[in-house]
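Working notes for the structure below.
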Amino acid sequence: MKPRIAIPLPHGTDSEYAQRAIPQYERAIELSGGEPVRIPLDQAPAEVMKLIERCDAVLLPGSKADVDPAKFGAEKHPKTVSADPKRDTVDELLLQDAYNMHKPILGICYGLQILNVYRSGTLLQHVESSVNHAAGRKVAVAHQIEIEPASKLAEIVGLEKIPVNSSHHQSAQIIGDGLKIVAQCPEDGIIEGLEGTEPDHFVLAVQWHPERSFDEDETSRAIFGALVEAVREKHRELSREFETTQAYRDAGFSANRVCKTSEKH
């Protein structure tokens, strides 16, 4: 069975944007060997949870919205755009389930930001820099990023410096609980990548858009491949645990039988 990856629709009120944006993420998952599962934003939480519970991992895509600054105790910046409560509600359900069940998580752009806020971090609400972080989808390479050598991200892409596209005006600021910085823009220090600190839980978030460069860029393909592989590894671990537990049960059962048989003689 292919790993089932939950992907919420990117936006709760702009249907045209959401339907235009989500196929790139779905295609990247499919070509990486996974099965994308669309998570709607207009259903009751109980119905959403029924879908989420049948998924093996979470991919939080980009969005045209900004995270509500009230979530991290800040006043709204003049350039902060409207929040998307429907998307945020579903993202929080996905993250709660993923952390409870140790399901792999991949956040992209807005996905990084909502992940950081969910983990009690904060955001820089508007990036002021000589680097054009809001270059958009038409600019294939906006700037370089530097990756921490000992990070999971460096292991995935096999490099410590890569070129990336860029389409954001906010970024992570204070890092949330259980997360660490693993990539930054060297010119201005803007955070470009976060990872989870638990070695047995795959949590990765990037500020650029690897779904847009999937066909041309090996590192972009590697990121999606790592998410799918993390699910497969989790399944292998669960299978080994089940087999070990079953073996102990069988051994215990046999031992009990031997003991009881010996007591009769």
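The values are calculated or read from the model by the stated rules, or taken from the named source; none is laboratory data. The model shown is predicted, which means the values in this text are computed figures rather than measured ones. Cβ sites come from the backbone with ideal geometry, for glycine too, and all protein chains shown count toward neighbours.
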* To do: Report whether or not ILE22 is of a type in the set (Val, Ile, Thr) and closer than 21 Å to SER82 by Cα.
  => yes
**OP:** State yes or no: is ASN116 under 29 Å from ALA6 (Cβ atoms), surrounded by 14 or more Cβ atoms within 10 Å (Cβ to Cβ) and at pLDDT 95 or above?
**Re:** yes
When the stretch 71-90 is checked residue by residue, the ones that are surrounded by 16 or more Cβ atoms within 10 Å (Cβ to Cβ) and touching an Asp or Glu at 6+ places or on another chain (Cβ under 9 Å) are LYS71, THR80, ALA83, ASP84, LYS86, ASP88
Requested in this report: Inspect the stretch 29-45 for any residue being of a type in the set (D, E, K, R), assigned to a helix (DSSP H, G or I), farther than 20 Å from GLN184 by Cβ and touching a helix residue (DSSP H, G or I) at 6+ places or on another chain (Cβ under 8 Å) and give the result as yes or no.
Outcome: no
Screening GLU26, GLU92, GLU75 for residues that are without any contact (Cβ under 8 Å) to a residue 40 or more places away in the chain and over 30 Å from GLU229 (Cβ atoms) leaves only GLU75
Taking first residues from the stretch 175-186 that are over 15 Å from ILE105 (Cα atoms) and second residues anywhere that are assigned to a strand (DSSP E or B) and at pLDDT below 95, the pairs with Cβ under 8 Å that are 6 or more apart or on different chains are none
How many residues of the stretch 190-206 are without any contact (Cβ under 8 Å) to a residue 12 or more places away in the chain and either surrounded by 12 or more Cβ atoms within 10 Å (Cβ to Cβ) or within 10 Å of LEU153 (Cα to Cα) (or both)? The answer is 0
Among ALA172, ALA142, the single one that is at pLDDT 95 or above and more than 25 Å from ASP200 (Cβ to Cβ) is ALA142
Only unsatisfied item for ALA150, checking (1) part of a loop (DSSP other than H, G, I, E, B); (2) among the aliphatic types (A, V, I, L, M); (3) crowded, with 19+ Cβ neighbours inside 10 Å, is (3)
The condition of being over 19 Å from HIS209 (Cα atoms), in contact with a helix residue (DSSP H, G or I) (Cβ under 8 Å, 6 or more places away or on another chain) and among the basic types (Lys, Arg) holds, among LYS180, LYS103, LYS86, only for LYS103
A careful count of residues in the stretch 156-175 that are surrounded by fewer than 23 Cβ atoms within 10 Å (Cβ to Cβ) and assigned to a strand (DSSP E or B) gives 3
Checking VAL67, VAL48 in turn, the sole residue that is assigned to a loop (DSSP other than H, G, I, E, B) and among the aliphatic types (A, V, I, L, M) turns out to be VAL67
### Task
Can you confirm whether the stretch 93-111 contains a residue that is among the aromatic types (Phe, Trp, Tyr), touching an Asp or Glu at 6+ places or on another chain (Cβ under 6 Å) and buried (at least 23 other Cβ atoms within 10 Å of the Cβ)?
no
Of the residues in the stretch 2-20, those that are in contact (Cβ under 8 Å) with a residue 12 or more places away in the chain, surrounded by fewer than 19 Cβ atoms within 10 Å (Cβ to Cβ) and out of contact with any His (no Cβ under 7 Å at 6 or more places or on another chain) come to LYS2, ARG4, THR13, ASP14
Across the stretch 202-244, the tally of residues that are in contact with a Gly (Cβ under 9 Å, 6 or more places away or on another chain) and hydroxyl-bearing (Ser, Thr, Tyr) stands at 1
